[in-house]
1. May I ask you to list the residues in the range B:34-55 that are farther than 27 Å from A:T106 by Cα and either facing chain A (nearest Cβ under 9 Å) or open to solvent by 20 Å² or more (accessible area, probe 1.4 Å) (or both)?
2. Name the single residue that is farthest from B:P61 (Cα to Cα) among those in the range B:5-19 being assigned to a strand (DSSP E or B) and within 14 Å of chain A (Cβ to nearest Cβ).
3. When the residues of the range A:8-37 are filtered to those that are in a loop (DSSP other than H, G, I, E, B) and within 11 Å of chain B (Cβ to nearest Cβ), which remaining residue is modelled with the lowest pLDDT?
4. What do you reckon, is B:R22 within 14 Å of chain A (Cβ to nearest Cβ) and either open to solvent by 40 Å² or more (accessible area, probe 1.4 Å) or of a type in the set (D, E) (or both)?
5. Mind listing whichever residues of the range A:62-112 are more than 19 Å from A:T13 (Cβ to Cβ), part of a loop (DSSP other than H, G, I, E, B) and of a type in the set (S, T, N, Q)?
6. Among the residues of the range B:56-65, how many are assigned to a loop (DSSP other than H, G, I, E, B), more than 9 Å from every other protein chain (Cβ to nearest Cβ) and surrounded by 15 or more Cβ atoms within 10 Å (Cβ to Cβ)?
7. Please find, among A:E41, A:E56, the residue that is closer than 27 Å to B:N59 by Cα, free of Cβ contacts under 8 Å to residues at least 24 places away in the same chain and open to solvent by 70 Å² or more (accessible area, probe 1.4 Å).
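The values are calculated or read from the model by the stated rules, or taken from the named source; none is laboratory data. This structure is a prediction, so every number in the text was calculated from the model and none was measured. Cβ coordinates were reconstructed from backbone atoms using ideal geometry, including for glycine residues, and neighbour counts include every protein chain displayed. What goes into the accessible areas is simple: the full protein's heavy atoms, side chains included, and nothing from ligands, DNA or RNA. Shrake-Rupley method; radii C 1.70, N 1.55, O 1.52, S 1.80 Å.
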Amino acid sequence: GQNIDQPTEMTATEGAIVQINCTYQTSGFNGLFWYQQHAGEAPTFLSYNVLDGLEEKGRFSSFLSRSKGYSYLLLKELQMKDSASYLCAVRDKEESNYQLIWGAGTKLIIKP
Amino acid sequence: ETGVTQSPTHLIKTRGQQVTLRCSSQSGHNTVSWYQQALGQGPQFIFQYYREEENGRGNFPPRFSGLQFPNYSSELNVNALELDDSALYLCASSFGTGRSDTQYFGPGTRLTVL
């Protein structure tokens, strides 16, 4: 079956770096997305990986290893506004018309 | 701001009632997906509409139904509401159903069933 695992919660310090991991088991992997979601708000798109390697976008980077079923989101120079949940979602071609399978999210708490 | 709007923002209903939630997609987008998100969980896929046709459905009962209109806006209807239907309902729009199409979310409708 399909499954996505992320840590439930992480804590980091303002100005530091944090890595949020995501592991997945799917029968037909076809891309991985990271979204940020502040409490009570909608998810906002951060990154998309479909090939192995690192995608860098400002303070945020996302890495994918398809052979290991593994991705991480790297956040640098943490700011208080980065306190949010980070959702990993995998597009699976076996799922109804390439729909997204979502992890439960990692709640990131930034401390001064 | 994604340009995706939803209404209403909040809604309180009682068990057994029916509800209609609305979504306007981002300009240029022809695909709308609906999700249910319980507190502390990731979004669960309900269904997707592409050019007014249902284009995939998640594991939700038939009392969850939807529509997409010629202007690509969409409705989610839920009949015979149950307490467990209390959640944040999100719609996301995208251009097409291609493998790399990114979904952009609206602000959501918070539904409470009493």
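1. B:Y50, B:R51, B:E52, B:E53, B:E54, B:N55
2. The qualifying residue farthest from B:P61 (Cα to Cα) is B:T5.
3. Residue satisfying both the conditions and the ranking: A:G28.
4. No.
5. Of everything in the range A:62-112, those that are more than 19 Å from A:T13 (Cβ to Cβ), part of a loop (DSSP other than H, G, I, E, B) and of a type in the set (S, T, N, Q) turn out to be A:S67, A:S96, A:N97, A:Q99.
6. Count: 1.
7. A:E41
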